[in-house]
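FYI, it's all coordinate maths here, none of it is from the lab. Everything numeric in this text was worked out from a predicted model, so none of it was measured. Here the Cβ positions follow ideal geometry from the backbone for every residue, glycine too, while neighbour counts run over all protein chains shown.
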């Protein structure tokens, strides 16, 4: 089990620790609901240092990224971030990721911690054009500071104008006395805020500065409920090696204006139309949907499976996502979730669940 540079800090302040993505990670501190609601209303901080950071450099950097990602990275300018995915050769997804353009010949790819080794092997295998690759995942720590009061809390820690960093852009600057911190207006909560990238050696300094500025320590359980309220996909649940980006509602990051891994097959799928779709649903009956529960239609026919589900702390109702047949994917369609041999009524709803 790997530790982050902050594992000892989490343990010291009483976090409940669990194995996650091969790391010893804090799942909660004072409780999921309180942490979740604090991020929606105030500001919280997550240690997400398990995420991976690959640097792609040199004159062939963009060529490699264009080949391995579904989105069009040629649209990026310095300081811009793009959400994308690595398609595999079988119509599925190797991983979803963020692409940062640092300069014309330097990019940073931020990948899921659980997929680090798989992704690194995949990127190297596809690198037939000789781009320079550098895996810095073990040396970089990452804090996600999220919530509507983030700018107010963090601005005293930096001379960078945080309000000028627009969504999905980033700057490098001095933060809490540390130089060259990547301050990125990204996150996985839909609550606004920043993600901060810096070397492991200064992790404790950064954590203390953010906590002292008013951010509340927040665990991965709240990160999961927050992202689910926004309808954001979680790799391993809602998307994986067998789900196509088009089925997952990620057509908007799948650009057929260029060639990329398996693009011909995905284009054919787009033209033919998908047979199943990832949808959001709310339970009408009482209960909580969980990963892998069966989804049935009004006649009791199995039409899919739940991929993510929870009791939404913000909405006080049970919500979930899952793949269903195309015929049952329209909003307001009545579906049934099988919970311990009971058929619980639910209805398909438009994402996101939480409108803010």
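Connecting C-alpha atoms closer than 10 Å in a GNM of the chain, tell me which of 143, 278, 76 has the biggest fluctuation.
76
Among 42, 127, 299, whose mean-square fluctuation peaks in a Gaussian network model of the chain (Cα, cutoff 10 Å)?
Result: 299 has the largest fluctuation of those listed.
Going 7 Å from the Cα of residue 41 along its beta-carbon direction, which residues of region 224-247 have the amide nitrogen within less than 20 Å of the resulting point?
Residues passing the 20 Å test: 224-230.
Report the gain in length on full extension from residue 75 to residue 166: 0.36 nm times residue separation, minus Cα-Cα distance, nm rounded to one decimal. If you can, show how the numbers build up before the last one.
Values: separation 91, 0.36 × 91 = 32.76 nm, distance 1.66 nm.
That works out to 31.1 nm of additional length.
Quick one: compute the contact order of the chain, relative version, from alpha carbon pairs under 8 angstrom and 6+ residues apart, as a percent.
Working: 825 pairs, mean separation 62.2, N = 356.
Over the chain, the number comes to 17 percent.
What number, in percent, do you get for the relative contact order of region 53-133 if the mean sequence gap of Cα pairs under 8 Å and at least 6 apart is divided by its residue count?
Relative CO of region 53-133 lands at 39 percent.
What's the extension gain from residue 315 to residue 201 if we count 0.36 nm per residue and subtract their Cα-Cα distance?
On the way: separation 114, 0.36 × 114 = 41.04 nm, distance 3.96 nm.
Gain in length upon complete extension: 37.1 nm.
How far is the Cα center of region 236-260 from the Cα center of region 200-217, in Å?
Going from one Cα centre to the other spans 36 Å.
Which stretch or stretches of region 12-48 have amide N atoms under 12 Å from the point lying 7 Å from residue 1's Cα along the Cα→Cβ direction?
16-27
Where the convex hull is taken over the Cα atoms of region 252-356, what is its projected area averaged over directions, in nm²?
Its Cα hull, projected and averaged over all orientations, spans 8.1 nm².
Take region 218-302, compute every pairwise Cα distance, and split them into 5 Å bins from 0; I just need the percent in each bin.
3, 10, 18, 21, 17, 14, 10, 6, 2, 0
Which percent of Cα-Cα pairs in region 280-339 sits in each 5 Å bin, short to long?
4, 21, 34, 26, 12, 3, 0
Provide the FRET efficiency to the nearest 0.05 for the residue 270-residue 12 pair, computing r from the beta carbons and using R0 = 35 Å. Please list the in-between numbers first.
Working: r = 51 Å, r/R0 = 1.46.
Between residue 270 and residue 12 the formula returns 0.10.
How long are the semi-axes of the ellipsoid equivalent to the chain, from square roots of 5 times the Cα gyration tensor eigenvalues, in whole Å, largest first?
On the way: eigenvalues 210, 151, 58 Å².
Rounded to whole Å, the semi-axes are 32, 27, 17.
Label 7 Å along Cα→Cβ of residue 155; region 172-206 residues with amide nitrogen under 17 Å?
Residues 175-176, 185, 192-194 fall inside that zone.
In Å, what is the Rg of the alpha-carbon atoms in region 53-133, and how long is Dmax?
11.4, 33
Quick one: length gained pulling residue 305 to residue 89 fully straight, 0.36 nm per residue minus the C-alpha distance?
Working: separation 216, 0.36 × 216 = 77.76 nm, distance 2.39 nm.
Net length gain for the segment: 75.4 nm.
Note down the nm distance, to one decimal, between modelled labels 7 Å out along Cα→Cβ at residue 343 and at residue 57.
Modelled inter-label distance: 6.1 nm.
Over the Cα atoms of region 146-268, compute the convex hull volume and normalise it per residue, giving Å³. It would help to have the intermediate numbers written out before the result.
Values: hull volume 18.2 nm³, N = 123.
Each residue corresponds to 148 Å³ of Cα convex hull volume.
Of 54, 20, 194, which is the most mobile in a GNM of the chain whose springs link Cα atoms less than 10 angstrom apart?
Between 54, 20, 194, it is 20 that shows the largest mean-square fluctuation.
If the viscosity is 1.306 mPa s and the temperature 10 °C, what Stokes-Einstein diffusion coefficient in µm²/s follows for region 1-152 when Rh is the Kirkwood radius over Cα pairs?
Stokes-Einstein gives a translational diffusion coefficient of 94 µm²/s.
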